[in-house]
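Colleague: Take a look at the following structure, please.
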Amino acid sequence: MSRNKATLIGLCAILLWGAMVGLVRSVTVGLGPMLGAAAIYSAGACLLYFVAGWPSLRDFPRRYLYLGSLLFVAYETCLALSLGYAHSGQQAIEVSMVNYLWPSLTVAFAILFNGQRASWLVWPGLVLALLGVLWAQGGETRSLASPLASVGDNPLSYGLALSGAVLWAAYCTVTTRLAAGRNGITFFFALTALAFWLQYALQDGGAIWIESAAQMGGTTPLPAQGSTQVSIHVLIQVLLAAGAMGGGYAAWNVGILHGNVTLMAAASYFTPLLSAALAAVMLSAPLSFTFWQGAAMVCAGSMLCWHATRRVARPAQ
């Protein structure tokens, strides 16, 4: 596969991920954070099995298999639970902006650990992206107290989102250095699903029932108390979320294995705008003008980072 084609496939992941926040939040509202995440990653693993196949794990570098698995499962846990534990749809979108620090961190990690060359402009770009994330948490006000109040209202969700940003940047760095061209996304998804099902079982989540047509019509008894009933509407949301997430990761892994990682990381800065717009519609969550200013700052930081890497790369061509 050519580098340009792999990069284009990787960029398609950004379009799929744009719908992810709204869909994941909708599922976790209907099923709860743990069960919702377990359902999404189970369906996603099945989808990836047919799209990407099951990898031959014996051919994987041991360091990538172990470290990549750990980072991927840890990141997905942070991502899904940060959205699931948000107090509202609006807060879920704001929390997702913290998670979107990962593209800037990916560029920084590529410079620090993978020898990526860049001019000094990359650092103002990274700072601008960070300020944009903080600005987006400000609501209608423009003071430092407002984002601090948002974090204080739900430190668990914000802490998980920030941890996830660091973990995903680390995963991208590890994959680039250690994967040796291997794509373990299907295995990683299945492992993540297993981790969520184990957590759900340890929490004594109870039995799960799929709502039937008869129950929708009120002609049959409802499931016992303590069990979880899954409606057809939520089931469709699970499948859509799994398609967006699974398809996105499949495309992204092709890109980071064979494409231009720096270009993909820079372009992914535009995901916050797309994701926030779609999530605002799906969750009926109005967003302030200050939020959109912050999202635009993140995009501007992306373009600055991309320009910084191109300035250094051009003379070598």
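The values are calculated or read from the model by the stated rules, or taken from the named source; none is laboratory data. Computed from a predicted structure; not experimentally measured. Here the Cβ is made from the backbone with ideal geometry for all residues, glycine too, and neighbour counts use every protein chain on show. Accessible surface is based on the protein model in full, side chains and every heavy atom, while ligands, DNA and RNA are left aside. Shrake-Rupley method; radii C 1.70, N 1.55, O 1.52, S 1.80 Å.
Colleague: Looking only at the range 158-187, which residues are open to solvent by less than 50 Å² (accessible area, probe 1.4 Å) and at positive phi?
Modeller: Gly181
Colleague: Quick check on my filter: what residues within the range 108-133 are in a helix (DSSP H, G or I) and either more than 16 Å from Ser268 (Cβ to Cβ) or charged (D, E, K, R) (or both)? Walk me through it before giving the result.
Modeller: Start the filter on the range 108-133 by keeping residues that are in a helix (DSSP H, G or I), which leaves 108-113, 122-133.
Result: Ile111, Leu112, Phe113, Trp123, Pro124, Val127, Leu131.
Colleague: Keeping to the range 84-107, report how many residues are under 19 Å from Phe72 (Cα atoms), open to solvent by less than 20 Å² (accessible area, probe 1.4 Å) and not in a loop (DSSP other than H, G, I, E, B).
Modeller: 9
Colleague: Which one of these does Thr28 not meet: (1) crowded, with 19+ Cβ neighbours inside 10 Å; (2) touching a residue at least 60 places away in the same chain (Cβ under 8 Å)?
Modeller: Just one mismatch for Thr28, condition (2).
Colleague: Then there's this: Hey, among Leu130, Leu144, Leu134, which residue is in contact with a Leu (Cβ under 9 Å, 6 or more places away or on another chain), at pLDDT below 80 and open to solvent by 60 Å² or more (accessible area, probe 1.4 Å)? If you could, list the steps in order and put the result at the bottom.
Modeller: Working: Leu130 fails: at pLDDT below 80; Leu134 fails: at pLDDT below 80.
Going through Leu130, Leu144, Leu134 in turn, just one is in contact with a Leu (Cβ under 9 Å, 6 or more places away or on another chain), at pLDDT below 80 and open to solvent by 60 Å² or more (accessible area, probe 1.4 Å): Leu144.
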